Amino acid sequence: MKIAIASGKGGTGKTTLSTNLAGYLSKQYEVVLVDLDVEEPNSGLFMNGPLILSEDKYKMIPEWVGKCSMCGLCQQVCKFNAIVCLEDEIMVFPELCHSCYACSELCPESALPMFPQKMGELKHFRDNHLSFVESRLDIGQEQAVPLIAQTHKYIDEHFNAGFVRIMDAPPGTSCPVIEAVKKVDFVILVTEPTPFGLHDLKLAVETMKALNKKFGVVINRFGIGNDDVISYCKEEGIDILAKIPNDRRIAELYSRGELIYDKFPEFTEQLERIKKYIFTLN
Amino acid sequence: MRIAFTAKGTDWNSKIDSRFGRTDYLLLYDEDKKKIETIDNRAIANEAHGAGPQTAQKFIGLKPDILITGNGPGGNAALVLKRASVKVFIGASEMTVKEAYDTYQKNLLQEQTL
């Protein structure tokens, strides 16, 4: 089973839920938690266990090797404006390149071969029944999607269907989120019961519908704000899997990098509800 | 000299567009021939990324010696302009093209080092 934890709005509790759900389920199952928020991964702050593997991740970028007819085809076919054809030079802007190979493949003189460029690294930790994989973009790298895609690939190669695979997704509803949830069976959307939370939840719901994803909602910091999120979910026929209470003690544990599930029964109860829900899917 | 402006329109009375990559128009004044040429760049609004390099590509097609603009080009566009040996003068945001040209001739615009 592959589950993504996404949100729309940032700071609603994706990491709180991902890390604690993973920890809680690992008491009973083989679990891997994957931090796909490669621009700012933070699930690792809550994970223990030794590093068992670390590998550099590369994307392919064209490099102009000089001496061509300056026909400009490379620049015309680039949908991402990553190539500029000057009078006597082809300039490549690697941070705009999406590694589509169009310029390289279509160049009549093969003057733009592709070369690997390091974009980040993947780390794999293991703590008994809980494995943890995180990918982290290098500073200056602008594109999260290729690294997220390669992380999915790593997970598929190393963790079979016997594992509960939990993906901590990036916030928002743009390309990195879509890449993160693309291959999962179910998406948990974490929100908070505030106008801002609801606004961004709606965006996330529309995104999941466009992707034909099964999804449900977890309300975090339940008790603040108003009931509009609940009314919205009712109207839309969206299941609310759990309501995590707003409690200062949760924030205090989180701020110390500690997991909450085994220290706070009201919280554990909500994780149990989520567990029951996701294991009765299909 | 061939002097280019980022502009909101296509004549001397148009306002300077303070942006480079996402400028509405590029306007070129050829001082020798006393003629104006323009490029409509408004389609750039549809580009999510890479506006700078794309506009720079069109810009160098005008073969300008000088650019007069508002905020100045961003990093990617600046690299292209540097290779094409274009001198960049900034700070003309609130002016019309005519005013910007006059101000440039009086040496009152700041040159941006690329």
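The values are calculated or read from the model by the stated rules, or taken from the named source; none is laboratory data. As the structure is a prediction and not an experimental result, all values here were calculated from the model. Please note: Cβ atoms are built from the backbone with ideal geometry, for glycine as well, and neighbour counts cover all protein chains shown. The area values use the complete protein model at the heavy-atom level, side chains included, leaving out ligands, DNA and RNA. Shrake-Rupley method; radii C 1.70, N 1.55, O 1.52, S 1.80 Å.
For segment B:76-89, residues that are open to solvent by less than 60 Å² (accessible area, probe 1.4 Å) and either within 14 Å of chain A (Cβ to nearest Cβ) or charged (D, E, K, R) (or both) total 7. The selection criterion, being at pLDDT 95 or above, of a type in the set (Gly, Ala, Ser) and touching a helix residue (DSSP H, G or I) at 6+ places or on another chain (Cβ under 7 Å), does not hold for A:Ser54. Please find, within segment A:225-250, the residue that is nearest to A:Lys209 (Cα to Cα) out of those that are open to solvent by 60 Å² or more (accessible area, probe 1.4 Å) and either hydrophobic (A, V, I, L, M, F, W, C) or in a helix (DSSP H, G or I) (or both). Among those residues, the one meeting the criterion is A:Glu236.
Against the criterion of being closer than 28 Å to A:Met47 by Cα, free of Cβ contacts under 8 Å to residues at least 12 places away in the same chain and open to solvent by less than 70 Å² (accessible area, probe 1.4 Å), A:Leu253 qualifies.
Taking the criterion of being in contact with a strand residue (DSSP E or B) (Cβ under 6 Å, 6 or more places away or on another chain) and of a type in the set (S, T, N, Q), the residues of segment B:42-84 that qualify are B:Gln57, B:Thr69. Just one residue in the set B:Asn41, B:Asn71 is within 12 Å of the chain's Cα centre (by Cα), free of Cβ contacts under 8 Å to residues at least 60 places away in the same chain and over 21 Å from A:Glu87 (Cβ atoms); that residue is B:Asn71. Within segment A:37-66, the residues that satisfy the criterion of being open to solvent by less than 60 Å² (accessible area, probe 1.4 Å) and in contact with a Gly (Cβ under 8 Å, 6 or more places away or on another chain) are A:Val38, A:Phe46, A:Lys57.
Tell me which residues, restricted to segment B:34-54, are part of a helix (DSSP H, G or I) and more than 9 Å from chain A (Cβ to nearest Cβ). B:Arg42, B:Ala43, B:Ile44, B:Ala45, B:Asn46 - these are the residues of segment B:34-54 that are part of a helix (DSSP H, G or I) and more than 9 Å from chain A (Cβ to nearest Cβ).
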